[in-house]
Protein chains: 2
Amino acid sequence: MNDPMNETMSAAMSNAVREETRDKPPCKDGHLVIIGGGEDRKHDMEILTRFVELAGGADANIVVITAASQIADEMWDVYDKAFGTLGVENRRHLMINSRQDANSEQFVRQVDEATGIFMTGGDQKRLLALIGGSALDAAMHVALKRRGATIGGTSAGASAMSGHMLAQGRAEILPEKGSVSLGAGLGFLHRVVIDQHFSERQRLSRLLTVVAQNPYLQGIGIDEDTALVVAMGEGIEVLGAGAVTIVDGRTMITNVADIKDHTTPELIDVRLHLLPAGSSYRLPKRETEPGKGLPPPLLDFLENVTKRNPIS
Amino acid sequence: MNDPMNETMSAAMSNAVREETRDKPPCKDGHLVIIGGGEDRKHDMEILTRFVELAGGADANIVVITAASQIADEMWDVYDKAFGTLGVENRRHLMINSRQDANSEQFVRQVDEATGIFMTGGDQKRLLALIGGSALDAAMHVALKRRGATIGGTSAGASAMSGHMLAQGRAEILPEKGSVSLGAGLGFLHRVVIDQHFSERQRLSRLLTVVAQNPYLQGIGIDEDTALVVAMGEGIEVLGAGAVTIVDGRTMITNVADIKDHTTPELIDVRLHLLPAGSSYRLPKRETEPGKGLPPPLLDFLENVTKRNPIS
């Protein structure tokens with residue numbers, strides 16, 4: 001069918017693709033440093049040290065996003081000192097108080113130039129309300145997926161990293177239908193949901209609640225002063241003081257669809273993995289070493305979290 | 001080969017079998033009421049009511065074993081009142097202070113006549129040190145497996161029921177190799193280990209520690225005011241206020257054998273089941289309804305805990 005409008009649109013899109021192809025530098029995969037809160041900022045600084053290393057060491061250009069917090073200046077002060085101590089000269093506070101800020105040319109340019117982008121704790125709902133879907137958000141995706149930048153987030157900044165975000169919910173002693181609500185996160189990872197302060201605040205029940213009602217999502221619980229480092233397309237590593245707990249309900253059998261809100265579902269055959277600090281897994285090369293040494297459930301998790309997602 | 005000694009032994013064993021066959025009444029399967037501690041003893045008394053029903057209602061003959069406790073008289077007082085309120089006339093305190101008591105003809109006869117045997121809380125190591133391997137212990141096995149009696153146990157009395165008993169161990173926030181020790185329990189159930197006050201005292205890590213080091217055992221965690229009722233050869237039911245958590249590490253992959261004591265093992269593919277109060281499963285008849293409606297991992301658990309074990 002001859003449709004001039006469609007032809008025009010096609011031509012425009014081809015131009016856009018050509019434009020993009022011409023302008024974009026060769027793709028380089030970045031890292032996510034997903035921290036369960038309470039990372040050491042004064043003594044060993046193991047996790048922040050790794051974040052800085054991945055972002056380029058002394059040459060790193062680090063921006064800190066404090067938008068999750070209501071005490072942004074105090075937050076900046078803490079990380080300003082920590083990154084300074086770690087030898088990073090080039091460090092900047094992105095003080096975002098509005099969506100206008102999150103779309104401002106100045107901040108977007110600073111993200112475009114950053115090799116490390118760090119999101120502090122606070123409230124992930126506040127963070128997403130301010131930066132979700134903004135030009136800054138898009139620039140972070142480009143940084144991770146095109147420029148090989150490192151994105152770190154702690155506590156609220158960790159929860160915000162997945163597409164489906166654990167927004168809020170009580171941590172009862174047993175899972176409870178309807179007690180946890182999700183929101184839209186930044187989407188650096190998909191098909192997962194991230195909880196933090198995990199063992200310390202006894203949040204397994206809360207994570208099981210999410211997974212029971214949303215078995216599409218694999219639950220990731222990260223302990224305090226502990227990080228899950230994801231090398232996109234490559235592998236994962238756990239470092240710090242605690243462990244990462246993974247809860248997989250995809251083969252689970254449950255009555256959650258049939259029970260009332262605020263009651264405990266029956267859950268049968270939830271898969272649980274515990275990866276303490278020191279655990280490290282590399283994605284096997286598909287052709288030369290298919291499934292090499294990796295238990296299938298972990299391989300599956302690994303393929304999921306290291307997946308190179310398109311820029312959304 | 002002609003070996004007179006073996007022939008003599010064979011003859012003796014045949015005699016023993018004939019003796020046993022002649023003397024024993026037709027077998028009747030009993031029940032276990034395994035309670036996670038803190039069961040209601042004054043208001044709804046849901047769990048104690050079920051215990052009494054299973055033991056014969058108003059006609060029940062109940063003996064209470066307080067040997068786990070250092071305050072045996074106070075313990076007896078509580079259950080004396082509760083069972084009295086529930087209409088049981090025939091109730092007795094077995095005050096066991098020594099292994100001589102546990103081998104005394106009087107107490108053994110009282111167990112032989114009981115339709116319900118209840119073990120209170122306290123310390124399961126104390127309980128086993130006093131009654132493990134005694135004539136009383138043997139009489140309890142006969143009661144459960146030949147006479148269809150009901151055996152109840154709460155807290156320490158619950159832990160004591162399995163062959164491998166969780167003796168003691170810290171409940172850290174993460175599993176920790178070498179932090180939990182096992183002992184020999186009463187052996188009404190095998191291939192399991194039982195923990196109590198489970199969700200309330202956040203004992204999942206402790207149970208994972210046991211299962212990580214002893215994957216032969218399926219871990220059972222029972223919440224307070226919650227009971228796992230096992231009808232031997234028949235099925236299971238959960239009642240009360242909380243849930244029963246089952247942790248199965250048989251297909252788990254772990255580095256526990258290679259790490260040092262007091263460090264956290266990596267655990268991959270632990271199976272977790274959560275059965276809230278109201279869950280109830282009957283063992284399918286092997287010929288007419290193989291595996292009927294039961295997810296395989298649960299069927300396996302069910303076959304294990306309802307197994308008619310020989311008198312040991």
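The values are calculated or read from the model by the stated rules, or taken from the named source; none is laboratory data. Keep in mind the model is a prediction, meaning the values are calculated, not measured. Ideal geometry is used to build each Cβ from the backbone, glycine not excepted, and the neighbour counts take in all protein chains shown.
For the range A:124-176, what are the residues that are modelled with pLDDT of 95 or more and within 14 Å of another protein chain (Cβ to nearest Cβ)?
Result: A:Leu174, A:Pro175, A:Glu176.
How many of the residues making up the range A:109-132 are assigned to a loop (DSSP other than H, G, I, E, B) and not acidic (Asp, Glu)? I'd like the intermediate steps shown before the answer.
As a first pass, look at the range A:109-132 and keep what is assigned to a loop (DSSP other than H, G, I, E, B): A:114-115, A:120-123, A:132.
Still in the list and also not acidic (Asp, Glu): A:114-115, A:120-122, A:132.
Number satisfying all stated conditions: 6.
For a quick check of your reading of the model, give me the residue pairs whose first member lies in the range B:143-168 and is more than 20 Å from B:Ser69 (Cα to Cα), whose second is of a type in the set (Val, Ile, Thr) and surrounded by fewer than 24 Cβ atoms within 10 Å (Cβ to Cβ), with beta-carbon atoms closer than 6 Å and at least 6 apart or on different chains.
B:Lys145/B:Ile311; B:Ala149/B:Thr115
Which condition number does A:Leu182 fail, the rest of (1) more than 29 Å from A:Asp29 (Cβ to Cβ); (2) hydrophobic (A, V, I, L, M, F, W, C); (3) surrounded by fewer than 22 Cβ atoms within 10 Å (Cβ to Cβ) being met?
(1)
Can you pull out the strands (runs of 3 or more DSSP E) entirely within the range A:219-310 that have at least 3 residues that are more than 16 Å from A:Phe198 (Cα to Cα)?
So the answer is A:226-231, A:235-240, A:267-276, A:280-282.
crowded, with 20+ Cβ neighbours inside 10 Å and facing another protein chain (nearest Cβ under 9 Å) - does that describe any residue in the range A:224-232?
no
What about A:Val256, is it crowded, with 20+ Cβ neighbours inside 10 Å and touching a Ser or Thr at 6+ places or on another chain (Cβ under 7 Å)?
no
Of everything in the range A:156-197, what is hydroxyl-bearing (Ser, Thr, Tyr) and under 15 Å from A:Gly219 (Cα atoms)? Give them in sequence order.
Keep residues of the range A:156-197 that are hydroxyl-bearing (Ser, Thr, Tyr), which gives A:159, A:162, A:179, A:181.
Answer for the range A:156-197, where residues must be hydroxyl-bearing (Ser, Thr, Tyr) and under 15 Å from A:Gly219 (Cα atoms): A:Ser159, A:Ser162, A:Ser181.
Which members of the range B:140-165 meet the condition of being within 11 Å of B:Gly116 (Cα to Cα) and outside any strand (DSSP E or B)?
Result: B:Met140, B:Ala143, B:Leu144, B:Arg147, B:Gly148, B:Ala149.
Which of the residues spanning the range B:266-289 are more than 15 Å from B:Asn214 (Cβ to Cβ) and facing another protein chain (nearest Cβ under 7 Å)?
B:Glu266, B:Ile268, B:Asp269, B:Arg271, B:Leu272, B:His273, B:Leu274, B:Leu275, B:Pro276, B:Ser279
What about B:Leu208, is it more than 14 Å from every other protein chain (Cβ to nearest Cβ) and either β-branched (Val, Ile, Thr) or crowded, with 22+ Cβ neighbours inside 10 Å (or both)?
It is false that B:Leu208 is more than 14 Å from every other protein chain (Cβ to nearest Cβ) and either β-branched (Val, Ile, Thr) or crowded, with 22+ Cβ neighbours inside 10 Å (or both).
Hand me the list of helices (runs of 4 or more DSSP H) wholly inside the range A:1-106 holding 1 or more residues that are surrounded by fewer than 17 Cβ atoms within 10 Å (Cβ to Cβ) and at pLDDT 95 or above. Please lay out each step first, then the result.
Details: elements: A:4-23, A:46-54, A:72-85, A:99-102.
Passing ranges, in order: A:46-54, A:72-85, A:99-102.
Taking A:Leu130 as meeting all but one of (1) touching a Gly at 6+ places or on another chain (Cβ under 7 Å); (2) over 20 Å from A:Ala231 (Cα atoms), write down the number of the exception.
(1)
For residues that are of a type outside the set (S, T, N, Q), over 20 Å from B:Asp137 (Cβ atoms) and within 23 Å of the chain's Cα centre (by Cα), tally how many sit in the range B:65-75.
Total meeting the criteria: 1.
Take the residues in the range A:177-199 that are over 19 Å from A:Val230 (Cα atoms) and assigned to a loop (DSSP other than H, G, I, E, B), then tell me which one is nearest to the other protein chains (Cβ to nearest Cβ).
That would be A:Ser199.
Considering only the range A:65-109, state which residues are within 18 Å of A:Arg147 (Cβ to Cβ) and of a type in the set (A, V, I, L, M).
Of everything in the range A:65-109, those that are within 18 Å of A:Arg147 (Cβ to Cβ) and of a type in the set (A, V, I, L, M) turn out to be A:Ile65, A:Val88, A:Leu94, A:Val108.
From the list A:Thr251, A:Thr263, exactly one residue is within 11 Å of another protein chain (Cβ to nearest Cβ) and either modelled with pLDDT under 95 or within 16 Å of the chain's Cα centre (by Cα) (or both). Which is it?
Just a single option satisfies the conditions, and that option is A:Thr251.
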